[in-house]
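This report concerns only the one structure given below.
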Amino acid sequence: MSLQTPLDAKSAETLGREFSQFFDNRRVLITGAAGFLGSWLTDIIVQANGLVDCVDNLSTGKRNNLEHLKDRVNIFFSDVEKFSPAGAQKYDYIFHFSSRASPEEYQEHPVDTLEANSTGTRRMLEVARNCGATLVFASTSEIYGDAQVIPTPETYFGNVNPIGVRSCYDEGKRFGEALCMAFFRSYQLKVRIPRIFNTYGERIREDGIYARALPRFVKQALNDELITIFGDGNQTRSFCYVTDTIKGILKLATHESIDGEVFNIGNPHEITIVSLAAKIIEMTQSKSKITYLPAMPDDPRRRMPDISKAKRVLGWTPEVDLDYGLGRIIDYFRKNS
Ligand SMILES: NC(=O)c1ccc[n+]([C@@H]2O[C@H](COP(=O)([O-])OP(=O)(O)OC[C@H]3O[C@@H](n4cnc5c(N)ncnc54)[C@H](O)[C@@H]3O)[C@@H](O)[C@H]2O)c1
């Protein structure tokens with residue numbers, strides 16, 4: 001079967017084969033399946049012969065991301081908060097990935113964002129409890145806020161403004177984590193929590209408020225437009241290529257005896273935002289110049305994961321370097337924008 005956007009280096013077929021022992025003929029529910037990470041998860045689990053139900057309200061996701069799989073998965077266009085499985089459908093795994101994820105976008109829709117991560121998470125935890133599924137909740141590096149410990153380990157409690165403009169996302173995810181742990185402690189539910197750091201790759205949105213910094217820069221560079229940096233550009237991020245992130249998430253989902261645990265999933269290679277913009281300008285041979293806009297409120301100064309726990313317990317480490325990954329996404333946007 002051909003993918004809509006195949007990956008050469010680490011194809012969904014290769015990853016699917018690697019995880020087929022866990023997903024072959026198993027029932028899997030993926031929320032946010034029409035989005036960036038959700039659609040990759042869907043591809044790989046279908047390749048692993050999993051029987052997949054997808055839920056998405058298309059608020060940021062695209063129907064097209066699942067088009068090539070429409071004969072192989074069940075797709076439910078619904079808000080996650082309202083989704084009920086048909087009949088007595090049982091799942092082995094639930095990946096709860098539906099949430100707005102780009103800072104400009106979630107700040108535009110703060111109530112929806114809180115709902116997806118609170119009421120939506122509660123809904124999925126109840127479904128998992130009814131059928132004994134393992135639930136993987138997509139948390140985020142943003143729960144650490146403006147971290148004062150770099151690289152940041154899972155044991156760091158965070159430095160978050162609870163009423164700031166980012167709190168709909170940060171606190172929504174923190175509440176989601178707390179709810180998962182409450183279900184784990186009260187009902188022994190099998191929950192696992194990846195704290196995902198900035199991920200990029202094919203199918204990430206590059207348009208308008210949906211675009212996060214890296215895809216926005218690539219799009220602006222390809223069009224020789226001004227590259228817009230919020231703040232002085234000396235803030236740092238660590239970017240992980242999508243196949244690495246997904247592999248980490250699948251290892252976390254399928255590893256034995258780690259219920260109720262959290263893992264940082266990200267690439268520890270830290271880069272300033274201005275260096276990232278310069279690299280993208282160079283790689284695209286763009287005529288773009290950089291323009292500096294006012295800093296976003298509560299924007300973290302540095303972000304870099306400590307991934308020693310994932311390395312030690314899951315045997316996972318990212319493999320794709322930034323130059324290679326950027327080359328791939330530049331090619332992708334050249335062909336698809
Ligand atoms: N990509 C990253 O760098 C990153 C980093 C940290 C955490 N995450 C988390 O991973 C998950 C997926 O992120 P993504 O990058 O794929 O974003 P995305 O915007 O591409 O995908 C999110 C999907 O969820 C759907 N959705 C949103 N709210 C919904 C709701 N209430 N009901 C049903 N569907 C809904 C959207 O339509 C979209 O298809 C999110 O939970 C996000 O917070 C992503």
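Numbers at a glance
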| read-out | value |
| --- | --- |
| Distant-in-sequence amide H partners of Phe230 (H built 1.01 Å from N, under 5 Å) | Leu293 |
| Cleavage-rule hits, trypsin sites (Lys or Arg not before Pro), the range 73-136, DSSP coil, Cβ neighbours within 10 Å at most 16 | Lys90 |
| Other-chain or far-sequence residues with amide H under 5 Å of Phe76's (modelled H) | Cys54, Val55, Asp56 |
| Largest to smallest principal axis extent of the C-alpha atoms in the chain, angstrom | 57, 44, 37 |
| Choice from Ile265, Ile163, Ile143 with maximal GNM fluctuation in the chain (Cα, 10 Å cutoff) | Ile163 |
| Cα pair distances exceeding 22 angstrom across the range 55-197, given as percent | 42 percent |
| Amide hydrogen neighbours beyond the local backbone of Phe95, cut-off 5 Å, H modeled | Leu29, Ile30, Thr31, Val136 |
| Average projected area [Cα convex hull, the range 41-87], square nanometres | 3.6 nm² |
| Residue order, fewest to most surrounding Cβ atoms within 10 angstrom, among Ser84, Ser286 | Ser84, Ser286 |
| Global form of the range 158-218, assessed from the alpha-carbon gyration tensor, a/c cut-off 1.5 | oblate |
| Rounded to whole Hz, the Karplus (6.51, -1.76, 1.60) HN-Hα couplings of the range 65-79, x for glycine and proline | 5, 10, 3, 5, 10, 4, 8, 10, 10, 9, 10, 10, 8, 7, 5 |
| Gyration tensor (alpha-carbon) shape descriptor, the range 58-130, a/c threshold 1.5 | oblate |
| On Cα atoms only, tilt of 242-254 relative to the major axis of the chain in degrees | 30 degrees |
| Three-way shape label, the range 1-133, alpha-carbon gyration tensor, a/c 1.5 | oblate |
| Reciprocal of mean inverse Cα separation for the range 267-337 (Kirkwood radius, Å) | 14.9 Å |
| Proximal lysines to Lys287, defined as alpha-carbon separation beneath 20 angstrom and excluding residues fewer than eight positions away on the same chain | Lys219, Lys279, Lys335 |
| Descending principal axes extents, the range 188-337, alpha-carbon based, whole Å | 54, 34, 24 |
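Each reported figure results from applying straightforward, stated rules to the coordinates on display, with no laboratory input. As the structure is a computational prediction, the values presented were derived from the model and not from experiment. For neighbour counting, all protein chains shown are included, and Cβ atoms are generated from backbone atoms with ideal geometry for every residue, glycine included.
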